[in-house]
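Rule-based calculations on the coordinates, nothing more; no lab input. Because the structure is a prediction, the values reported are computed rather than measured. Cβ atoms come from the backbone with ideal geometry, glycine included; neighbour counts cover every protein chain shown.
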Amino acid sequence: MLILLPPSEGKTAPSRGKPLDLATLSHPTLTETRSCVLKHLVTLCEGDELEAAATLGLGAKQVDLVARNAALATAPTARADAVYTGVLYDALDFATLSSAAKRRATSRVGIASALFGLLSPGDRIPAYRLSGDASLPGLGSLAPVWRPVLGEAVAARLGNGLLVDLRSGMYANLWRPAPEAAARVAGVRVLHEHNGQRKVVSHFNKSTKGRIVRALLEAGATPRTPAALADALRDLGWHVEVGQPGPRGTELDVVVAEL
C-alpha cells in the first residue's frame, strides 16, 4: 500500500541542518526533473521580488517567501515529515507515531510536491513555496513537466499494492494513475454531515484524512483493494460508503458529523 499525501502550503523552516542534496532524496529517477524545477524557481526568486511574488501567487504579506526560495540551495534541511505543517499533518502527527507506525510510514507514505515530485517522509528538504498550479518563466506549467516521470516513480514505490490517493486536485493534476491500474486505486473524500445535508468542508476533510492515515499506520492495515480499505476504515470506527469504480479508481466517502 502507498498512501499518497498532498504537501502543505505552510511549512516549518528548519533552523539548522545540512543544505539540500538532491542526490540523497528517494526516487532518484526524479533527480533531473527536480534539478530543473529548482533551477527555474531559484532564478525567478533571485530577480525582481514583487514580480516573483506575483508569479507564485503570493500576497503582500508573503513576499519574504521569495527570499526563502532564492536561498534554497544553501538553506538548512530537515525531514519532510517535520517541514510540512497544516491541518492534515497536525492530525497525522508523525512525531508521536509509535515506532512500528513510523517504520510503516517510511515505506507506505509518499508526499506529492510541486518542487520535488514525490518524497518519502524521511527525505531532507528545505522549506519552500511552490504550488502545484504555478507556472515558472522559462519552464511553464508544472503538470507537463512532472507527468512524464512521476508514473515510474509511483509504480516503483507501489509495487502490486493499493494506491490510496489523498492528494488535492491541484496535485493530482501533476500525475494521474493509468486507467488499467484503476482497480488498485482508492480516493478518499470526507463529507461533513449536518442537519441531514452533506458537503465537503476543508478543515474536516484535511483533519480527518490525517487521522485516517495515522490510524492505518498504527493498525498496520494492508488492504489490497478499495473494498478492503473501506472495511479497514470501518473497523477503525469510520462510516464509509463505497462509490462505483471508474477509470481513476474507486472513491470512498467518509462521512463525519464532528471532528
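General remarks:
- Tilt relative to the chain, helix 143-158 - C-alpha long axis, 0 to 90 degrees, to 10: 50 degrees
- Applied to the stretch 2-13, the Karplus parametrisation 6.51 cos²θ - 1.76 cosθ + 1.60 on θ = phi - 60° returns per-residue 3J(HN,Hα) values of 10, 9, 9, 9, x, x, 10, 5, x, 9, 8, 6 Hz, with x for Gly and Pro.
- Positive minus negative residues near Pro121 (Lys, Arg vs Asp, Glu; Cβ under 9 Å): 0
- Rounded to the nearest 20 debye, the dipole magnitude of the chain is 500 debye, with +1 charges on Lys and Arg beta carbons, -1 on Asp and Glu beta carbons, and the Cα centre as origin.
- Among Asp48, Asp90, Asp123, the largest mean-square fluctuation in a Gaussian network model of the chain (Cα springs under 10 Å) belongs to Asp48.
- Degrees, to the nearest 10: 31-46 long Cα axis against longest axis of the chain: 50 degrees
- Relative contact order (%) - the chain, alpha-carbon pairs under 8 angstrom, separation at least six: 24 percent
- Summing charges over all other residues whose Cβ lies under 14 Å from the Cβ of Pro137, with Lys and Arg as +1 and Asp and Glu as -1, gives -2.
- Computed lengthening from Ser99 to Ala228, 0.36 nm per intervening residue step minus Cα-Cα distance: 44.0 nm
- Structure-derived Rg and Dmax of the Cα atoms in Å - corresponding label in [x] 19.5, 62; [y] 20.5, 61; [z] 18.3, 54: [z]
- Long-range lysine pairs (8 or more apart or interchain), the chain, Cα under 23 Å: 10
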